[in-house]
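Values quoted throughout were computed directly from the atomic coordinates according to the rules given, and no laboratory measurement underlies them. All values reported here derive from a predicted model rather than from experimental measurement. A quick note on method: Cβ atoms are made from the backbone with ideal geometry, for glycine too, and the neighbour counts reach across all protein chains shown.
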Amino acid sequence: MKLPVIRQIQRSCSQDEIEIAIKVLEATSEAASLKDEELNVIGELISNMCGALEVHQMIAEGMPEKDAANTFMKKVMGSIDR
């Protein structure tokens, strides 16, 4: 996950648009002809989009954008450290 990518998606797209894009990528990932590298890229895109959805949600709950993005990344880093 990359915070600049998450911020760009969150700022540029509505929650509905992100959810639709995730569904398209998930469907695409089921194609039998995809190579591992391509699946990794799709997975990274989906992860960033899911992060953008979480940031959207925190902002909707009243958190400032910068704090929402930083809180999300701290949560991700905390789960990696476990």
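What residue, of 6, 42, is in contact with a Phe, Trp or Tyr (Cβ under 8 Å, 6 or more places away or on another chain) and not acidic (Asp, Glu)?
After applying the criteria, what remains is 6.
Residue 34 fails exactly one of the following numbered conditions: (1) within 9 Å of the chain's Cα centre (by Cα); (2) free of Cβ contacts under 8 Å to residues at least 40 places away in the same chain; (3) not in a helix (DSSP H, G or I). What is the number of that condition?
Among (1) within 9 Å of the chain's Cα centre (by Cα); (2) free of Cβ contacts under 8 Å to residues at least 40 places away in the same chain; (3) not in a helix (DSSP H, G or I), residue 34 violates only (1).
Need pairs with beta-carbon distance below 8 Å; first residue assigned to a helix (DSSP H, G or I) and within segment 55-69, second surrounded by fewer than 17 Cβ atoms within 10 Å (Cβ to Cβ) and β-branched (Val, Ile, Thr); sequence gap 6+ or separate chains.
58/71; 65/59; 68/59
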